[in-house]
Amino acid sequence: MHLAALSQLLLAQVAAPAAAAAPQVETTIGKPTFASIGFFFLIVAVTLVITYFAAKKTKTSSEFYAAGRSVSALQNGFALAGDYMSAASFLGISGMVALKGYDGMIYATGWLVGWPALMFLVAEPLRNLGKFTFADVVAFRLQQKPVRIAAAIGGILTVLFYTIAQMVGSGALIQLMFGLKYEVAEMIVGVVMLAYVLFGGMLATTWVQIIKAVLLLIGVTILTILVLAKFGFNPGNLYAAVVNGAPNGMKYGQTALEPGGLVSSPVEAVSLGLALMFGLLGLPHILMRFYTVPDAKAARKSVLYATGLIGYFYIIIPIVGFGAAALIPGGRGFISSIDKGGNMAAPLLGEQMAGAGFLGFIAAVAFATILAVVAGLTLAGASAYSHDIYVSVIKKGKATEEEQVKAAKIATVVFGVFAVGLGILFKGQNVAFMVGLAFAIAASANFPALLMSIIWKKFTTKGAVASIIVGALTSVIMILLSPTVWGEVLHHLDAAGKPYGIIPVKNPAIYSMTAAFVVGILVSLFSEEKSAQAAFEDEKIRTYLGVGAE
């Protein structure tokens, strides 16, 4: 998720306790090399060739949005993993563990635990009830127009803030790796991403995700093996070296393996956990993937495959982080001197263990990671407008296939240009709040309405609209007035010179998600809707048996 977010989170909250000043260490980071440029163009070329062939099969709206529902469970499992294992998972978590130790694993755990809930709560109903977006499910037995408008607002807000953070992260990565200007890097990402989505639609995006997931897993596995080989393939030896004195001469002490630092308040810890877990169940670009498989059984199996791949990834990525702290000359001091957020820890470790060629491979994989995630986000944002607003509300469901695909492609271009512009606008800004906002909105606006529409017979149109709007507004306002944004981004300081917030809460999900559920329930109870209740039994049959599903 979230390279830029984790980088800035570290900037704001982590003081890397380097034992000594970083010595001068030679590295090719920031200097274009044959290996890095070669791997970069190879990956872009391969993915564009896939897009070319996918474009030949992308003619109808179903093919553009859902790859013609022809993706197998295993393929979708890899694509789901690719969508979720973003550059933040790779670069951000490894960097956080390298600089902060144990607490860096909070995000790895939080991002993993939502997958079983996704499989058991929403995967099957989503596939059986929906067509292209999660708003199809919420609006299934309710009044279409108000629900779709509200759901599209929640979906677009989530995707937009998620995308900004990815764009800022991609600009920073390419700037560091190739020495290009930040603005040029942003435009490169934008152009390639638009090529994937415009011409290849979901089919191209799926295969880009699959390739990226395989490359990322290979890269991290090789790094992990190289690190463990230095310690006799015993992780205990690695952890002991981090505490007592690493091969690079750094000694970090027992605190490197103990919790406490990133999140000190129990309420904040629970709130962050809720956002990371249930935010997954409201991310539009993840939920869209369940429409690409033939049936509900394949949807469930694809989550099972994805959970295994993601679980494996998050188990080994901390080893890369601890390995970076222990093996890179200069340790934490040198890592933070290259990038204060520690995001270059994994590439630096790759260069240290296997030379500049492997560094080029790792950098190219990181770039492919960002490209693939941004492509998926753009497709989700475009579909929220074109399918939920244009086709379902403006055209009242009577748009031709040609009109639907045209609307989707126009929305894609607008969203892509907007993403590049915002990425340039937010250059150097603290974007931690944007990913926090994306997860808070997903967990507060999208998830409660989605869940209640599936399981609660008395849920009404007014209840759904109120739940989505209250969840979105509460989460947005609480984060804008939090110490992260009000204090650190807008530079409001207290008498002691420390950033403060009007609302002293950094992780609002525990409040905003609760508000969304409570408002949705109360409004539904006071606005009984007979037609919605009558349609609930039909919905249940389709939910669990798939009768009538596309």
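Exactly one of these conditions fails for Ile317: (1) farther than 30 Å from Ile156 by Cβ; (2) assigned to a helix (DSSP H, G or I); (3) at pLDDT below 85. Give me its number.
Ile317 satisfies all of (1) farther than 30 Å from Ile156 by Cβ; (2) assigned to a helix (DSSP H, G or I); (3) at pLDDT below 85 except (3).
Given the conditions (1) touching a Ser or Thr at 6+ places or on another chain (Cβ under 7 Å); (2) at pLDDT below 80; (3) closer than 30 Å to Asp339 by Cα, which single one is not true for Ser89?
(1)
Are any of the residues in region 494-515 more than 29 Å from the chain's Cα centre (by Cα) and within 30 Å of Glu124 (Cα to Cα)?
Taking region 494-515 as the starting set, the residues that turn out to be more than 29 Å from the chain's Cα centre (by Cα) are 494-498.
Add one more test, that the residue is within 30 Å of Glu124 (Cα to Cα), and what stays is none.
Scanning region 494-515, I find no residue that is more than 29 Å from the chain's Cα centre (by Cα) and within 30 Å of Glu124 (Cα to Cα), so the answer is no.
Looking at (1) more than 25 Å from the chain's Cα centre (by Cα); (2) over 30 Å from Ile210 (Cβ atoms); (3) without any contact (Cβ under 8 Å) to a residue 40 or more places away in the chain, find the lone condition where Ala229 falls short.
(2)
I'm told Ser383 meets every condition in (1) at pLDDT below 80; (2) assigned to a helix (DSSP H, G or I); (3) over 21 Å from Phe134 (Cα atoms) except one. Can you identify the failing condition by its number?
Only one criterion in (1) at pLDDT below 80; (2) assigned to a helix (DSSP H, G or I); (3) over 21 Å from Phe134 (Cα atoms) is unmet by Ser383, namely (3).
If you take the residues in region 427-472 that are of a type in the set (Phe, Trp, Tyr) and modelled with pLDDT of 90 or more, which one is surrounded by the fewest Cβ atoms within 10 Å (Cβ to Cβ)?
First, pick out the residues of region 427-472 that are of a type in the set (Phe, Trp, Tyr): 433, 439, 447, 456, 459.
Narrowing the set further to residues that are modelled with pLDDT of 90 or more leaves 447, 459.
Values: Phe447: 32, Phe459: 27.
Applying the filter and picking the extreme gives Phe459.
Rundown of residues vs (1) touching a Pro at 6+ places or on another chain (Cβ under 9 Å); (2) in a helix (DSSP H, G or I); (3) touching a residue at least 12 places away in the same chain (Cβ under 8 Å), yes/no style:
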| position | (1), (2), (3) |
| --- | --- |
| Gly487 | yes, yes, yes |
| His491 | yes, no, no |
| Gly501 | yes, no, yes |
| Ser524 | no, yes, yes |
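Provide a single number: the residues in region 333-360 that are under 22 Å from the mean Cα position of the chain (by Cα) and not aliphatic (A, V, I, L, M).
Step one: list which residues in region 333-360 are under 22 Å from the mean Cα position of the chain (by Cα), which gives 339-347.
Within this subset, residues satisfying the condition of being not aliphatic (A, V, I, L, M) are 339-343, 347.
So the answer is 6.
List, please: which pairs have Cβ atoms under 8 Å, are six or more places apart or on different chains, and start with a residue in region 399-413 that is under 18 Å from Ile156 (Cα atoms) and end with one that is outside any helix (DSSP H, G or I) and not charged (D, E, K, R)?
Ala407/Ala399
Hey, can you tell me all the residues within region 250-302 that are modelled with pLDDT of 80 or more, surrounded by fewer than 21 Cβ atoms within 10 Å (Cβ to Cβ), under 26 Å from Ser444 (Cα atoms) and not small (Gly, Ala, Ser)?
Hits for region 250-302 are Pro266, Val267, Glu268, Val270, Arg300.
State yes or no: is Ile156 aliphatic (A, V, I, L, M), surrounded by fewer than 24 Cβ atoms within 10 Å (Cβ to Cβ) and at pLDDT 80 or above?
Values: aliphatic (A, V, I, L, M): yes; surrounded by fewer than 24 Cβ atoms within 10 Å (Cβ to Cβ): yes; at pLDDT 80 or above: yes.
When the stated conditions are applied, Ile156 passes them.
Hey, can you tell me all the residues within region 21-74 that are outside any helix (DSSP H, G or I) and either at pLDDT 75 or above or in contact with a His (Cβ under 8 Å, 6 or more places away or on another chain) (or both)?
Initially, region 21-74 is screened for residues outside any helix (DSSP H, G or I), giving 21-33, 57-60, 70-72.
Selection gives Val71, Ser72.
Output the residues belonging to region 218-249 that are aromatic (Phe, Trp, Tyr) and either farther than 10 Å from Ala326 by Cα or loosely packed, with under 15 Cβ neighbours inside 10 Å (or both). Don't jump to the end; show me each part of the working.
So in region 218-249, the residues aromatic (Phe, Trp, Tyr) come out as 231, 233, 239.
Passing the criteria: Phe231, Phe233.
The values are calculated or read from the model by the stated rules, or taken from the named source; none is laboratory data. Remember, predicted model here, so these are calculated numbers, not experimental data. Cβ coordinates were reconstructed from backbone atoms using ideal geometry, including for glycine residues, and neighbour counts include every protein chain displayed.
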